[in-house]
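K.L.:
The structure is given below, and queries will be raised subsequently.
The values are calculated or read from the model by the stated rules, or taken from the named source; none is laboratory data. These figures come from a predicted structure and were not determined experimentally. Cβ placement follows ideal geometry from the backbone for every residue including glycine, while neighbour counts extend to all protein chains displayed. When the accessible area is computed, the model is the full protein with side chains, heavy atoms only, and any ligands, DNA or RNA have been set aside. Shrake-Rupley method; radii C 1.70, N 1.55, O 1.52, S 1.80 Å.
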Amino acid sequence: MGSLDGKIAIVTGAGQGVGQGIALALASEGASVAVLGRTLPKLDTTCDLIRERGAEAEPFLCDVSDTEAVPAVVAQVVERFGGVDILVNNAYSGSYGPLLSMDDAAFQKGFRSGPFAAFAFMRACHPHMKERGGGSIVNLITSATVRWDPTTYGAYAAAKQALRSLTRTVAAEWGGDGIRANSIAPHALSPGLARWMEANPAEAEEFRRTIPLGYVGDCERDIGRAVVALVGPDLRYLTGATVPLDGGQANFG
């Protein structure tokens with residue numbers, strides 16, 4: 001038996017990388033997973049991997065930036081699986097670069113896919129979680145919000161800091177409904193980071209040395225398993241927190 005047997009999870013951006021690692025970890029503990037993203041072949045791959053582990057999975061095409069479509073997607077998940085217990089807001093598409101290089105559209109892009117999208121999903125999932133006696137939400141933020149020099153990461157960090165604050169508010173306002181909400185700030189060996197490290201070995205080694213544990217986290221074993229713990233029964237009293245899953249690199253104190 002798994003710690004999440006009978007639970008139903010939504011994971012956005014689950015076609016690859018961190019989202020896929022989280023989806024696989026949840027499935028390994030018995031959760032049924034709604035696999036959301038923009039590229040169907042990638043979603044199908046994740047679903048196949050989940051089914052190989054004996055869990056249920058279903059792909060749902062979704063661009064999280066289209067917040068008006070979110071309630072319909074959540075309704076489809078509920079129709080397919082019967083409810084929602086776990087929500088992981090992982091998908092993000094934003095802009096990077098010096099602030100003076102950005103126009104309004106570029107700056108706002110990360111807010112649409114970050115806090116705006118997460119709010120839409122949380123609001124749509126709330127009544128279904130409440131009906132099932134509670135639930136758990138995990139929102140992905142970043143250590144860029146606390147780094148000493150956020151140069152070129154300003155828009156990204158601003159959107160993620162807004163999501164961190166939103167998470168804390170949800171934890172406070174929805175705790176009476178049995179709904180917990182926490183943030184994680186991961187370093188993980190996503191496909192994009194893996195390509196960068198391979199193309200820039202010297203810079204990658206310098207980056208690795210800034211991590212006290214000495215390595216970049218694995219998407220499933222380090223990030224996904226931590227999410228399993230966050231949404232499971234053993235941490236039922238933890239809400240409104242930010243967990244830095246970065247091997248000790250950042251200081252969120």
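K.L.:
At q = 0.14, 0.15, 0.19, 0.26 Å⁻¹, what log₁₀ I(q)/I(0) does the range 121-210 have when each alpha carbon counts as one equal point scatterer in the Debye sum?
P.N.:
The Debye formula, applied to the Cα set alone, gives -0.65, -0.71, -0.91, -1.26.
K.L.:
Specify the inter-centroid distance of the range 180-253 and the range 114-151, based on alpha-carbon positions, in whole Å.
P.N.:
That distance is 17 Å.
K.L.:
Express the carbon and sulfur contribution to the solvent-accessible surface of the chain as a percent, rounded to the nearest whole number, probe 1.4 angstrom.
P.N.:
Roughly 51 percent, rounded to a whole number.
K.L.:
Can I ask one more? Let me spell out the model: positive unit charges on the Cβ of Lys and Arg, negative unit charges on the Cβ of Asp and Glu, origin at the Cα centre of the range 1-119. What dipole size does that give, in debye rounded to 20?
P.N.:
Magnitude of the dipole: close to 180 debye.
K.L.:
Just tell me which lysines come within less than 18 Å, Cα to Cα, of Lys160; anything on the same chain fewer than 8 places away is out.
P.N.:
Output for Lys160: Lys109.
K.L.:
Any idea what % of Cα-Cα pairs in the chain are farther than 26 Å?
P.N.:
In whole percent, the long-distance tail amounts to 35.
K.L.:
Given charges of +1 on the Cβ of Lys and Arg and -1 on the Cβ of Asp and Glu, with all other atoms neutral, how large is the dipole of the chain about its Cα centre, in debye to the nearest 20?
P.N.:
Using only the charged Cβ atoms, the result is roughly 400 debye.
K.L.:
In terms of Cα to Cα distance under 14 Å, which aspartates and glutamates are near enough to Lys130, apart from those fewer than 8 places away along the same chain?
P.N.:
Asp85, Glu173, Asp177
K.L.:
Roughly how many Å² is the accessible area per residue of the range 163-227, as a whole number, for a 1.4 Å probe?
P.N.:
Per-residue value: 54 Å².
K.L.:
What is the spin-label model distance, in nm, from Asn200 to Lys130 if the labels are put 7 Å beyond Cα along the C-beta direction?
P.N.:
Once both label points are built, they end up 4.6 nm from each other.
K.L.:
Roughly what would the spin-label model give for Thr39 and Ala69, points 7 Å off Cα along C-beta, in nm?
P.N.:
Roughly 1.7 nm, to one decimal.
K.L.:
Which of the trypsin sites (Lys or Arg not before Pro) found in the range 12-104 are loop residues per DSSP with 10 or fewer other Cβ atoms within 10 Å of their Cβ?
P.N.:
Those that pass, being in a loop and sparsely packed, number zero.
K.L.:
Now for a different question. Residue separation times 0.36 nm, minus the C-alpha to C-alpha distance between Thr210 and Glu52: what's the value?
P.N.:
Contour length minus the Cα-Cα distance gives 53.2 nm.
K.L.:
What FRET efficiency comes out for Gln76 versus Thr169 if R0 is 25 angstrom and r is the Cβ-Cβ distance? Round to the nearest 0.05.
P.N.:
With R0 = 25 Å, the Cβ-Cβ based efficiency is 0.40.
K.L.:
Among Tyr215, Gly232, Met197, whose Cα sits farthest toward the positive end of the charge dipole of the range 184-253 (+1 at Cβ of Lys/Arg, -1 at Cβ of Asp/Glu, about the Cα centre)?
P.N.:
It is Gly232, whose Cα lies furthest towards the positive end.
K.L.:
Next question. Using DSSP to define loop residues, name the chymotrypsin sites (Phe, Trp or Tyr not before Pro) in the range 33-139 whose beta-carbon has at most 15 other beta-carbon atoms within 10 Å.
P.N.:
Of the chymotrypsin sites (Phe, Trp or Tyr not before Pro), the ones in loops of the range 33-139 whose Cβ has at most 15 other Cβ atoms within 10 Å are Tyr96.
K.L.:
For every helix of n ≥ 4 consecutive DSSP H residues, a contribution of -39,500 (n - 2.57) applies; sum these over the chain, divide by its total residues, and give [θ] at 222 nm rounded to the nearest 500 deg cm²/dmol.
P.N.:
-13000 deg cm²/dmol, from helical runs alone.
K.L.:
Then there's this: From the alpha carbon gyration tensor of the range 1-128, can you work out the equivalent ellipsoid semi-axes (sqrt of 5 times each eigenvalue) and give them in Å, largest to smallest?
P.N.:
Semi-axes from the Cα gyration tensor: 27, 16, 12 Å.
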